[in-house]
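To start, the structure itself, in structure tokens.
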Amino acid sequence: MQAVEAVNPANAGYLGGLGLPVLLAWPVGGLLAAGAAWIIGKTALGLRSDYLAIATLGIAEIIIAIMKNEDWLARGVKNVVGLPRPAPYEIDLQNNAAFVERATGLGIDPVTASTLWVKAIYAGLFTVVLLILFILAQRALHSPWGRMMRAIRDNEVAAEAMGKDVTARHLQIFVLGSAICGIAGAMMTTLDGQLTPGTYQPLRFTFLVWVMVIVGGSGNNLGAVLGGFLIWWLWVMVEPIGLWVMQVVTSGMADGFWLREHLLDSAAHMRLLTMGIVLLLVLRFSPRGLIPEK
């Protein structure tokens, strides 16, 4: 541990990875998550309904606590930094004469052009992964295996009476879903360029994903994708829009007035209010989501 801490990753770069391409971390992250899900599933999937949710949420918090406090595992709250990227660094593009010339020819500032180019590369990579997962999920949905899974979801007793191993299928879908979450987590860590256990909050990584699925349409792959894009867009945009709304509402109030200060300070909490309103509206007027399951 002392030898690891003696190395400054900001200067020497990340120590792990065995020198392999960083993109390999994505499927490896999925495999690690699937392995952890198998262990958790073997112990927790005997529970049902709310008890299963409580158990899995509790186990997730235990894992996060271990990552925060066991420095030898993930550097604790000091974070794992210096992770390599599948895209070039902006500063390298800005120092590339050919790139600067091309950006200038298009009438774009090289700094802005480098930022846009890197984001476009990440968007392209993420789109490829999304399409692959979506196609595989659609094929699984319309396969005999998918029909069996829907039958188990709708009526476990009837499916078990037909000779289906319901417990094994629960474990199977739990492992597959966790593998996809592991891939997504590895992709996000690569995008951030660092692993920060202290930033993993249940509100963002459990509740928000749940809202995405409910709003888009539970049981519909396209609906889940739509819900993900829509809710994340709202999550990003609501705070600046909320601040603008509060500024308009309080424009007639004197500077320093307590109500004006209170409303402006409350703009940061508009995200939670908006998510709650969106969820209530969808559950009231379209309880099966924006794109219901067929």
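The values are calculated or read from the model by the stated rules, or taken from the named source; none is laboratory data. As the structure is a prediction and not an experimental result, all values here were calculated from the model. Here the Cβ positions follow ideal geometry from the backbone for every residue, glycine too, while neighbour counts run over all protein chains shown. Heads up: the accessible areas ignore ligands, DNA and RNA and are worked out on the full protein's heavy atoms, side chains in. Shrake-Rupley method; radii C 1.70, N 1.55, O 1.52, S 1.80 Å.
Against the definition (part of a helix (DSSP H, G or I), of a type in the set (A, V, I, L, M, F, W, C) and more than 17 Å from SER178 (Cα to Cα)), how does VAL28 come out, yes or no? So VAL28 fails the test. Look at LEU93 and say whether it is without any contact (Cβ under 8 Å) to a residue 60 or more places away in the chain and either open to solvent by less than 40 Å² (accessible area, probe 1.4 Å) or polar (S, T, N, Q) (or both). Taking the combined requirement at face value, the residue satisfies it. Under the condition of being open to solvent by 40 Å² or more (accessible area, probe 1.4 Å) and either touching a His at 6+ places or on another chain (Cβ under 9 Å) or under 30 Å from MET67 (Cα atoms) (or both), the residues counted in the stretch 196-223 number 12. Scanning the stretch 138-185 for residues that are open to solvent by 40 Å² or more (accessible area, probe 1.4 Å) and of a type in the set (Gly, Ala, Ser) gives ALA151, ALA158, ALA161, GLY163, ALA184. Every condition in (1) without any contact (Cβ under 8 Å) to a residue 24 or more places away in the chain; (2) of a type outside the set (Asp, Glu); (3) in a helix (DSSP H, G or I) is met by LEU133 except one, and the failing one is (1). Pairing each residue of the stretch 263-276 that is in contact (Cβ under 8 Å) with a residue 40 or more places away in the chain with any residue that is in a helix (DSSP H, G or I), provided the two are 6+ apart or on different chains, yields C-beta distances under 7 Å for THR274/LEU234; THR274/VAL238; MET275/VAL211. Scanning the stretch 1-37 for residues that are surrounded by 15 or more Cβ atoms within 10 Å (Cβ to Cβ) and either modelled with pLDDT under 80 or aromatic (Phe, Trp, Tyr) (or both) yields PRO9, TYR14, TRP26.
Picking from residues in the stretch 54-89 that are exposed (fewer than 13 other Cβ atoms within 10 Å of the Cβ) and modelled with pLDDT of 80 or more, the one that is nearest to VAL100 (Cα to Cα) is TYR89.
Conditions tested, residue by residue: (1) at pLDDT below 90; (2) touching a Ser or Thr at 6+ places or on another chain (Cβ under 7 Å); (3) farther than 26 Å from LEU24 by Cα.
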| site | (1), (2), (3) |
| --- | --- |
| ALA97 | yes, no, yes |
| VAL128 | no, no, no |
| LEU136 | no, no, no |
| PRO144 | no, no, yes |
| ALA159 | yes, no, yes |
| MET162 | yes, no, yes |
| THR167 | yes, no, yes |
| VAL175 | no, no, no |
| GLY182 | no, no, no |
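Checking the stretch 280-294 against the condition returns no match, with no residue being over 25 Å from LEU57 (Cβ atoms), touching a Lys or Arg at 6+ places or on another chain (Cβ under 8 Å) and modelled with pLDDT under 85.
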